[in-house]
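The structure under discussion appears below in the form of structure tokens.
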Amino acid sequence: MSHLCDSKNTDTGLAPLHLLPRGARARIVEIAAQREFGAEDHQVTQRLKELGFLAGAQIKVIGFGLFGKDPIAVQINGTKFGLRRREAEKIMTQLLPV
Amino acid sequence: MSDSTLRFALVGNPNCGKTALFNSLTGARAKVANYAGVTVEKRIGRLTQLDRPAELIDLPGTYSLYVASPDEQVARRVLLGEMENEVRPDALIAVVDSTNLKLGLRLVLELKALGLPMILALNLADSAERRGIRINVEELSRRLDMPVVETVAVRQSGVAALNAAIRQAQHQPQRQATRIELPQRQEQVEALYARIDTLLCGCVSVPDHPPRWQETLDALVMHPVIGLILLATILLLIFQAVFAWASPVVDAIDGSVQWLSTTLTHLLPAGILQDFIVNGVLAGCGSVLVFLPQIVILFAFILALEDSGYLPRAAFLLDRLMRGVGLSGRSFIPLLSSFACAVPGIMATRSIADPKERLITIMVAPLMTCSARLPVYALVIAAFIPKHTVLGLFNLQGLTLFALYVAGILSAALVAWIMRRQHTSDDHFPLLLELPSYRWPNAYHFLLGLKERAWIFIRRVGTVILALSIVLWFLASFPYPPAAASAPAIDYSFAGMLGKFIQPVFAPLGFNWQMCVALIPAMAAREVTVSALATVYAVGGEAALGSTLAHSWPLPVALAYLAWFVYAPQCLSTIAVVKRETNSLKTTTAFIVYLFALAYLGALATHALAIAWS
């Protein structure tokens, strides 16, 4: 999975949150639309923003659920949240150097 | 409630300590734990130190007034006066987790726009201080234009200052309107956060890194291998402890009951009074009381886990697994609570946003082995399963108990999976779970919780179980057998008649009529089965009852009896809470029918398989 981020990095430096490896630090660039949420996509975006997932905020990947990379645990503004892959896909980030 | 009563409401993010503050301010003893969604219903207490009658409403936590899951809507509707038969609060006490200021203040600014008098409590002030977070309270109060008080609710610190602020607030003029309109969102979330940054700038300093030990712990807990081992070890340890650590105390209580029984038999003249006291009251209550240590140990683990912050992480780790059967991590805490008792477990399902997932969780919650089943399992296991050590580490009895728990869990998974297939999902509800900071369980709350659980159990022994024991003794003793009777006296009693009347229904499962009699009072409480068996077989004490059972039941029948208890919805309070939470007679009927059907088929299959095996 990490090589995927690397390849993206060399192009634009942008990657959606769900592709980041454990321990990665990144800066949020935008909250994108996600077709899977259908009509409720706007609500999900709003909720993510209210919890602090805003452009410019720093985010760190702490870990993943058992058996795979979904859900994903992140830390933002000192608070930790568990997100599903679908929500994480909405969060476009720019990877920061370690 | 008179109209002059002043109403304060506690509002804040989930898990910021509102209920602990509520307890401190009102002297109540509502349940507190370290995860979001402990309070699912509003709760009202009295504030006694004011000049006029006043009450305090504890609301379920919410992140926002605008986007809300069902349990969060309770808070919004109460605040705006949209709840029927409910006058809206006159003033707000906003509670913020000091280690998590930004998130909390965002809600505070939304609340401020409602225009109600407000006090801000910066709770968990001690944790913030330990982390090096410095807050200039006076400056923050000036900038927010409201009284601000630092509190540590679980240690009563700052509660006096908060009370003083409440006394000040009581003289605010009371608003007339019964409803408030939720103002249109005045600004984008980005702008709101920018405003918070300006507010905090210069009056709050936060260190760059959260404490190292929290990080290390999370690295272990969420490690793909270590995390799994840790989770499995914790669960297995609980079952080992319930059986192994409790046994010395169980033996001591059992011995005392035996001693008392023998002493009373000698002291009292032989006759109906001696029989009533020794075989009715003492055998009935004593045989249930011996399970107190096991129940205390089970709750000790559950309370410590609840307070530590581990539970939401376990929910997070297991989300993928639970999604496989149509549930999600959100169902984890309600289902885990159901291991103690299905009633609070089913109530906790209110924090599940998806109505279908909530329904499925309610339907399978009673398949989690509750503490009332423990006495029945313990009795039958101790009587029929040898105490061998397996793999040098586990004893066979503990493993059998573990297997019964697993049987319940697997059945729940299967039922959930089938139900999810019927209700095709349009699951758009995000998981979005807050993972709170770890903390040491608070000794006071831990001991208080433990004392309460133990006391509830003892009180049940003294009331429900005592009453049922007396009724059973009466049914088992009268009428007397004819003078020339050859069979034991109980064969001629009401209990004997009743048992024999229903026994044909259970004959395919191998149950004898004594077992059938014991099933009837179990509808009030499953653990009464134990005292019912003690009464029907006229023996007191766990050891004595066990050896009697071992002689009178074949092993396949004993196993079938255990299987019955894995499934049967033998608890009226659970049925009542399902009716209340689903508000549907049809669903409740389906709930009862499907569980009894599973119980019957499960016992039938177990009986047949065990016979084929031996």
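Kindly establish whether B:Ala525 is closer than 27 Å to B:Phe591 by Cβ, part of a loop (DSSP other than H, G, I, E, B) and within 32 Å of the chain's Cα centre (by Cα).
On the way: closer than 27 Å to B:Phe591 by Cβ: yes; part of a loop (DSSP other than H, G, I, E, B): yes; within 32 Å of the chain's Cα centre (by Cα): yes.
Here the answer is yes, as B:Ala525 does meet what is asked.
Which residues, taken from the range A:32-45, are facing another protein chain (nearest Cβ under 7 Å) and either open to solvent by less than 20 Å² (accessible area, probe 1.4 Å) or in contact with an Asp or Glu (Cβ under 7 Å, 6 or more places away or on another chain) (or both)? Quick ask: steps written out before the conclusion?
Keep residues of the range A:32-45 that are facing another protein chain (nearest Cβ under 7 Å), which gives A:37-38, A:40, A:43-44.
Selection gives A:Phe37, A:Val44.
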Of the criteria (1) surrounded by 20 or more Cβ atoms within 10 Å (Cβ to Cβ); (2) free of Cβ contacts under 8 Å to residues at least 60 places away in the same chain, which one B:Glu138 fails: (1)
From the set of residues in the range B:185-223 that are of a type in the set (Ser, Thr, Tyr), in a helix (DSSP H, G or I) and more than 9 Å from every other protein chain (Cβ to nearest Cβ), which is least open to solvent (accessible area, probe 1.4 Å)? B:Thr216
If I filter the range B:355-373 for residues that are modelled with pLDDT under 90, closer than 23 Å to B:Phe457 by Cβ and in a helix (DSSP H, G or I), do I get at least one hit? no
Any hit, the range B:594-608, residues being buried (at least 21 other Cβ atoms within 10 Å of the Cβ) and closer than 18 Å to B:Val343 by Cα: yes
Would you please list the contacts, defined by Cβ atoms under 8 Å and residues six or more apart or on different chains, that run from a residue in the range B:94-119 that is over 22 Å from B:Val152 (Cα atoms) to a residue that is of a type in the set (S, T, N, Q) and open to solvent by 10 Å² or more (accessible area, probe 1.4 Å)? B:Ala113/B:Gln186; B:Pro117/B:Gln172
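Given B:Ser547, B:Ser477, B:Ser493, which one is touching a residue at least 12 places away in the same chain (Cβ under 8 Å) and within 15 Å of B:Val380 (Cα to Cα)?
Going through B:Ser547, B:Ser477, B:Ser493 in turn, the sole match is B:Ser547.
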Residues to consider are B:Ala315, B:Ala342, B:Ala353; find the one that is touching a residue at least 24 places away in the same chain (Cβ under 8 Å) and more than 14 Å from every other protein chain (Cβ to nearest Cβ). B:Ala342
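For A:Pro97, state whether it is more than 10 Å from chain B (Cβ to nearest Cβ), free of Cβ contacts under 8 Å to residues at least 24 places away in the same chain and of a type outside the set (Ser, Thr, Tyr).
Working: more than 10 Å from chain B (Cβ to nearest Cβ): yes; free of Cβ contacts under 8 Å to residues at least 24 places away in the same chain: yes; of a type outside the set (Ser, Thr, Tyr): yes.
Spelling it out, A:Pro97 is indeed more than 10 Å from chain B (Cβ to nearest Cβ), free of Cβ contacts under 8 Å to residues at least 24 places away in the same chain and of a type outside the set (Ser, Thr, Tyr).
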Filtered residue count, the range A:63-98, keeping only those that are touching a helix residue (DSSP H, G or I) at 6+ places or on another chain (Cβ under 7 Å), open to solvent by 20 Å² or more (accessible area, probe 1.4 Å) and closer than 19 Å to B:Gly309 by Cα: 2
Please count how many residues of the range B:74-90 are assigned to a helix (DSSP H, G or I) and in contact with a strand residue (DSSP E or B) (Cβ under 9 Å, 6 or more places away or on another chain). 3
Answer residue from the range B:91-125, given it is open to solvent by 30 Å² or more (accessible area, probe 1.4 Å) and in a helix (DSSP H, G or I) and is nearest to the other protein chains (Cβ to nearest Cβ) among those: B:Lys102
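Does B:Gly345 satisfy the criteria of being under 20 Å from the mean Cα position of the chain (by Cα), closer than 30 Å to B:Ser552 by Cα and not in a loop (DSSP other than H, G, I, E, B)? Full working, then the answer.
Details: under 20 Å from the mean Cα position of the chain (by Cα): yes; closer than 30 Å to B:Ser552 by Cα: no; not in a loop (DSSP other than H, G, I, E, B): yes.
Considered against the rule, which asks whether it is under 20 Å from the mean Cα position of the chain (by Cα), closer than 30 Å to B:Ser552 by Cα and not in a loop (DSSP other than H, G, I, E, B), B:Gly345 comes out as no.
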Can you tell me which residue within the range A:51-63, out of those that are part of a strand (DSSP E or B) and over 10 Å from the mean Cα position of the chain (by Cα), is nearest to the other protein chains (Cβ to nearest Cβ)? A:Gly63
Spans of helices (runs of 4 or more DSSP H) in the range B:383-486 with at least 2 residues closer than 27 Å to B:Ala365 by Cβ: B:396-422, B:443-460
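Can we say B:Gly286 is in a helix (DSSP H, G or I) and touching a helix residue (DSSP H, G or I) at 6+ places or on another chain (Cβ under 6 Å)?
Yes; evaluated as a whole, the condition is true for this residue.
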Could you give me the residue pairs with C-beta distances under 8 Å whose first residue belongs to the range B:447-458 and is basic (Lys, Arg), whose second residue is outside any helix (DSSP H, G or I) and crowded, with 16+ Cβ neighbours inside 10 Å wherever it lies, and which are 6+ apart or on separate chains? B:Arg453/B:Ala340
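State whether one or more residues within the range B:71-82 are of a type in the set (S, T, N, Q), within 14 Å of chain A (Cβ to nearest Cβ), more than 27 Å from B:Pro344 (Cα to Cα) and without any contact (Cβ under 8 Å) to a residue 60 or more places away in the chain.
If we filter the range B:71-82 for residues that are of a type in the set (S, T, N, Q), which is where we start, we get B:73.
Adding the requirement that they be within 14 Å of chain A (Cβ to nearest Cβ) leaves B:73.
Now drop any that are not more than 27 Å from B:Pro344 (Cα to Cα), which leaves none.
No, the range B:71-82 has no match at all.
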Based on this model, can you work out whether A:Leu48 counts as within 14 Å of chain B (Cβ to nearest Cβ), closer than 27 Å to B:Ala194 by Cβ, free of Cβ contacts under 8 Å to residues at least 60 places away in the same chain and touching a Phe, Trp or Tyr at 6+ places or on another chain (Cβ under 7 Å)? no
Reported set for the range B:562-576 where residues are closer than 15 Å to B:Ala340 by Cα and surrounded by fewer than 20 Cβ atoms within 10 Å (Cβ to Cβ) is B:Ser573
State the number of residues belonging to the range B:231-265 that are crowded, with 17+ Cβ neighbours inside 10 Å, touching a Leu at 6+ places or on another chain (Cβ under 8 Å) and farther than 22 Å from A:Leu83 by Cβ. 7
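Quick one: would you say A:Leu66 is assigned to a helix (DSSP H, G or I) and within 9 Å of chain B (Cβ to nearest Cβ)? Give the derivation first.
Working: assigned to a helix (DSSP H, G or I): no; within 9 Å of chain B (Cβ to nearest Cβ): yes.
So A:Leu66 fails the test.
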Residues of the range B:21-36 being closer than 20 Å to B:Val78 by Cα and open to solvent by less than 10 Å² (accessible area, probe 1.4 Å), in sequence order, are B:Leu21, B:Phe22
Taking only the range A:69-86 into account, find how many residues are over 19 Å from B:Leu327 (Cβ atoms), facing chain B (nearest Cβ under 7 Å) and touching a residue at least 24 places away in the same chain (Cβ under 8 Å). 3
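The values are calculated or read from the model by the stated rules, or taken from the named source; none is laboratory data. Computed from a prediction, not measured in an experiment: that's the story for all the values here. Neighbour counts are summed over all protein chains in view; Cβ atoms, including those assigned to glycine, are modelled from backbone coordinates with ideal geometry. Just so you know, the surface numbers come from the protein's heavy atoms only, side chains and all, with ligands and any DNA or RNA stripped out. Shrake-Rupley method; radii C 1.70, N 1.55, O 1.52, S 1.80 Å.
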